[in-house]
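Inspection log for the structure reproduced underneath, given as structure tokens.
The values are calculated or read from the model by the stated rules, or taken from the named source; none is laboratory data. Not measured: the values here are computed from a predicted model. Reconstructed Cβ throughout: ideal geometry from the backbone, glycine too, with neighbour counts over all protein chains shown.
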Protein chains: 2
Amino acid sequence: MNQLFSFEVAAKEGTARAGVFHTAHGPVLTPIYAPVGTQATVKAVTPQQLQEVGASLVLANTYHLYLRPSDAVIRSLGGLHAFMNWDGPILTDSGGFQVFSLAGRDGKQSLRRIDDDGVTFRSHLDGRRHRFTPEKVMQIQENLGADIVMVLDECAVPDDYDYLKRHALPRTHAWAERCKVAHHRSDQALFGIVQGGVYPDLRAASARHLVALDFPGYAIGGLSVGEGKHEMYTTLEATTPLLPEDRPRYLMGVGTPEDLVEGVARGVDIFDCVLPTRVARNGQALLRTDKYNMRNAQFAEDPVPIDATCGCYTCRNFSRAYVRHLLVAKEILGATLLTMHNLYTMLNLITDIRASIVEGRFEAFREAFWDARRESSSAEEGA
Amino acid sequence: MNQLFSFEVAAKEGTARAGVFHTAHGPVLTPIYAPVGTQATVKAVTPQQLQEVGASLVLANTYHLYLRPSDAVIRSLGGLHAFMNWDGPILTDSGGFQVFSLAGRDGKQSLRRIDDDGVTFRSHLDGRRHRFTPEKVMQIQENLGADIVMVLDECAVPDDYDYLKRHALPRTHAWAERCKVAHHRSDQALFGIVQGGVYPDLRAASARHLVALDFPGYAIGGLSVGEGKHEMYTTLEATTPLLPEDRPRYLMGVGTPEDLVEGVARGVDIFDCVLPTRVARNGQALLRTDKYNMRNAQFAEDPVPIDATCGCYTCRNFSRAYVRHLLVAKEILGATLLTMHNLYTMLNLITDIRASIVEGRFEAFREAFWDARRESSSAEEGA
């Protein structure tokens with residue numbers, strides 16, 4: 001394995017770990033939450049604002065950037081870091097998840113067709129036909145130039161045991177091998193992806209297969225796609241112990257504040273999720289243990305910040321009434337201020353989680369977190 | 001006159017002046033261009049970004065804020081400065097211009113009806129009936145709490161001599177007197193507005209009337225509303241010499257880079273215009289002597305900044321190709337980056353204009369400006 005991508009576990013408490021993952025664009029302190037910049041921009045904020053809210057690792061989507069402006073254009077402009085002006089670490093997904101999600105867009109299967117060699121799909125932009133294979137996806141991600149890149153996998157429905165076992169898993173494993181062979185850039189860490197739905201025996205088989213391929217990091221895919229929280233947590237409990245201690249573990253597409261706390265408790269190091277940025281553009285403010293619809297009339301004359309204990313730009317400078325006014329008036333700044341607040345909430349939470357592990361008080365932190373949530377929801381019920 | 005609002009002319013070259021106008025929220029170095037923050041936000045940027053591009057005076061619209069969230073709410077939240085988190089000087093218009101513009105919205109006159117006492121209109125938001133009188137507009141602007149506030153005037157079509165002379169001017173003058181009587185806040189400078197369309201004799205009559213009322217500053221209204229550039233410039237030449245040397249002159253709703261140069265040459269001190277922010281949201285980049293449609297395919301792989309000589313955040317950090325990508329992908333960041341660039345272009349131009357006056361080389365600056373414009377447009381023709 002490339003020595004660049006060493007992962008040091010700095011502290012452990014139970015299964016929770018605090019670590020450092022080294023990349024060509026600096027260290028990633030784990031556990032970490034990565035904001036999502038689908039089209040080479042975290043929606044509604046500048047890279048400067050992203051830095052101010054405490055972001056380190058940022059995710060971008062291979063599917064979207066391949067279609068527009070294309071990986072060739074991004075490569076010619078110096079790669080993703082230069083293109084989007086983010087000098088910190090970047091992670092790209094394989095594009096597989098977006099392609100597999102295409103089926104649902106018009107209710108027909110016609111937008112994509114999967115076979116053992118790869119997947120053929122139509123662009124959601126113009127309907128043109130494209131094909132992703134493991135080799136193609138490696139070439140695209142090498143062109144994009146992120147620090148962490150992902151193998152192509154098949155992200156199937158999590159509760160179809162038969163399909164997973166007969167088709168999705170064998171493909172996922174064969175594609176991981178092909179990706180490993182096809183990937184050449186020594187400044188990129190290629191992560192494997194463990195699949196297997198909600199079935200411990202399939203997860204175990206998948207983990208075994210991928211670990212044998214010796215990736216510098218392992219993702220846990222196919223979760224947070226419709227199964228319940230309980231299934232997600234028990235699947236994590238069955239999976240993370242099978243992954244090597246000295247490699248980071250990335251839970252893809254997850255999640256909420258409670259998912260961060262519970263994911264870390266089960267040994268997860270890296271998270272990404274569109275939740276805080278997406279709900280911001282719908283007017284929702286995330287707090288560590290609550291959430292508000294900021295369009296609500298109750299905030300119309302409310303002079304206090306969204307969260308008086310929050311240190312973000314929005315909460316340091318603006319009232320709830322102003323944020324509500326911006327949303328009602330459909331002003332862009334409303335989306336920007338809520339995005340900054342929501343990202344800060346997530347990044348501040350993960351920073352506090354890390355500190356609690358380093359200081360050996362993660363379990364106390366976790367208990368206090370759940371106590372505060374229970375208090376907040378009973379206050380709402382009482383209101 | 002309130003001593004707070006003294007205006008010192010620091011340097012003069014011909015009719016062009018460099019000055020300092022003092023307000024309760026700090027000095028305004030003139031000539032100045034004020035970005036427009038219609039709904040208590042300069043669209044698509046934070047106050048921090050506004051400060052970074054060099055803004056000092058910011059305009060907000062009384063009509064819009066009166067309707068939503070209401071001047072009473074803004075007052076209860078500590079006034080506009082606290083509400084929008086802008087600690088620099090703020091100017092509010094009287095709301096009259098927006099109300100008079102309402103007629104055009106559905107081609108009928110029914111949205112507003114003017115009489116000698118005031119104007120009755122229907123909200124463009126919900127159709128409800130409202131009434132502005134000079135006294136009402138003063139009360140609203142006192143609630144909003146800007147540093148510079150404007151009298152209610154009638155902004156009529158600029159080339160109907162008879163209507164202007166018989167109705168619009170007498171009303172404008174009577175309302176100016178009533179505003180002066182009704183205005184009480186000693187931390188606000190109330191500016192008079194000279195009207196009179198494109199007619200030198202009417203402008204002279206209006207200037208005489210208003211100057212007799214001894215306002216701390218004078219606006220020139222009713223221009224840039226359809227008359228040609230030539231008419232605007234000759235009207236300015238006929239008007240500014242009639243205004244006192246020791247009071248700032250504000251050309252409302254103007255303008256383009258060339259309007260700034262030519263307005264200053266004719267003795268204007270203050271400008272405001274939605275142009276740079278509005279065209280930004282349509283994908284247009286303003287340069288001092290040119291403009292680009294950044295959606296244009298010619299920029300798709302262009303690695304250089306919008307303007308290599310520009311010092312703004314956008315030009316220091318992003319390529320034309322990236323800005324185009326954001327616009328094509330309909331990303332909010334596209335509007336933000338272009339807004340920052342366009343505001344910087346205008347503010348940097350006015351700063352350079354001021355420096356040239358202070359250093360006694362404004363005429364040379366003006367000549368070089370027009371030379372560069374001619375070069376840029378002949379380059380375009382040649383392309």
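Tabulated values for the structure
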item	result
Number of the exception - A:Ile74 against (1) in contact with a strand residue (DSSP E or B) (Cβ under 9 Å, 6 or more places away or on another chain); (2) outside any strand (DSSP E or B); (3) among the aliphatic types (A, V, I, L, M)	(1)
Residues of segment B:23-50 satisfying the condition of being farther than 18 Å from A:Tyr313 by Cβ and either touching a His at 6+ places or on another chain (Cβ under 6 Å) or of a type in the set (S, T, N, Q) (or both)	B:Thr23, B:Thr30, B:Thr38, B:Gln39
Helices (runs of 4 or more DSSP H) contained in segment B:214-300 and holding at least 2 residues modelled with pLDDT under 95 and away from chain A (no Cβ under 14 Å)	B:229-239
In segment A:113-152, the residues that are without any contact (Cβ under 8 Å) to a residue 40 or more places away in the chain, in a strand (DSSP E or B) and either out of contact with any Gly (no Cβ under 8 Å at 6 or more places or on another chain) or not assigned by TED's automatic domain parsing to the domain that holds A:Arg75 (or both)	A:Arg113, A:Thr120, A:Phe121, A:Arg122, A:Arg129
Of all residues making up segment A:1-38, the number that are touching an Asp or Glu at 6+ places or on another chain (Cβ under 6 Å) and polar (S, T, N, Q)	2
Residue list for segment A:110-144, restricted to those being of a type in the set (A, V, I, L, M) and over 19 Å from A:Thr92 (Cα atoms)	A:Leu111, A:Ile114, A:Leu125
Count of segment B:305-324 residues which are assigned to a loop (DSSP other than H, G, I, E, B), facing another protein chain (nearest Cβ under 7 Å) and either touching a His at 6+ places or on another chain (Cβ under 9 Å) or more than 24 Å from B:Asp352 (Cβ to Cβ) (or both)	1
Among residues of segment B:27-74, those that are at the interface with chain A (Cβ under 10 Å from one of its Cβ atoms) and farther than 30 Å from B:Leu111 by Cα, counted	6
Subset of segment B:350-364 [part of a helix (DSSP H, G or I) and surrounded by fewer than 20 Cβ atoms within 10 Å (Cβ to Cβ)]	B:Thr351, B:Asp352, B:Ala355, B:Val358, B:Glu363, B:Ala364
Residue that is nearest to the chain's Cα centre (by Cα) [pool: residues in segment B:225-236 that are surrounded by 15 or more Cβ atoms within 10 Å (Cβ to Cβ) and farther than 12 Å from B:Val194 by Cα]	B:Val225
Failed criterion for B:Val73 (all others in (1) within 23 Å of A:Phe299 (Cβ to Cβ); (2) crowded, with 20+ Cβ neighbours inside 10 Å; (3) of a type in the set (A, V, I, L, M) hold)	(2)
Residues of segment A:1-56 that turn out to be out of contact with any strand residue (DSSP E or B) (no Cβ under 9 Å at 6 or more places or on another chain), assigned to a helix (DSSP H, G or I) and buried (at least 20 other Cβ atoms within 10 Å of the Cβ), as a count	1
For B:Leu164: the one exception among (1) at positive phi; (2) crowded, with 24+ Cβ neighbours inside 10 Å	(1)
Boolean, A:Leu327 is touching a helix residue (DSSP H, G or I) at 6+ places or on another chain (Cβ under 7 Å) and on the phi < 0 side of the Ramachandran plot	yes
Test: residue in segment B:176-199 that is touching a Ser or Thr at 6+ places or on another chain (Cβ under 7 Å) and surrounded by fewer than 24 Cβ atoms within 10 Å (Cβ to Cβ)	yes
Condition met for B:Arg178 (out of contact with any strand residue (DSSP E or B) (no Cβ under 9 Å at 6 or more places or on another chain), part of a helix (DSSP H, G or I) and among the basic types (Lys, Arg))	yes
Close pairs from segment A:360-376: first farther than 20 Å from A:Arg266 by Cα, partner surrounded by 14 or more Cβ atoms within 10 Å (Cβ to Cβ), Cβ under 6 Å, at least 6 apart	A:Ala372/A:Thr289; A:Ser376/A:Thr289; A:Ser376/A:Asp290
Any hit, segment A:330-342, residues being in contact (Cβ under 8 Å) with a residue 60 or more places away in the chain, away from chain B (no Cβ under 14 Å) and either under 23 Å from A:Val53 (Cβ atoms) or in contact with a Leu (Cβ under 6 Å, 6 or more places away or on another chain) (or both)	yes
Segment A:153-204, subset more than 26 Å from A:His22 (Cα to Cα) and in contact (Cβ under 8 Å) with a residue 60 or more places away in the chain, residue nearest to the chain's Cα centre (by Cα)	A:Cys155
Qualifying residue in segment B:89-97 (condition: without any contact (Cβ under 8 Å) to a residue 40 or more places away in the chain, crowded, with 20+ Cβ neighbours inside 10 Å and either in a loop (DSSP other than H, G, I, E, B) or in the same structural domain as B:Arg129 (by TED's automatic domain parsing) (or both))	no
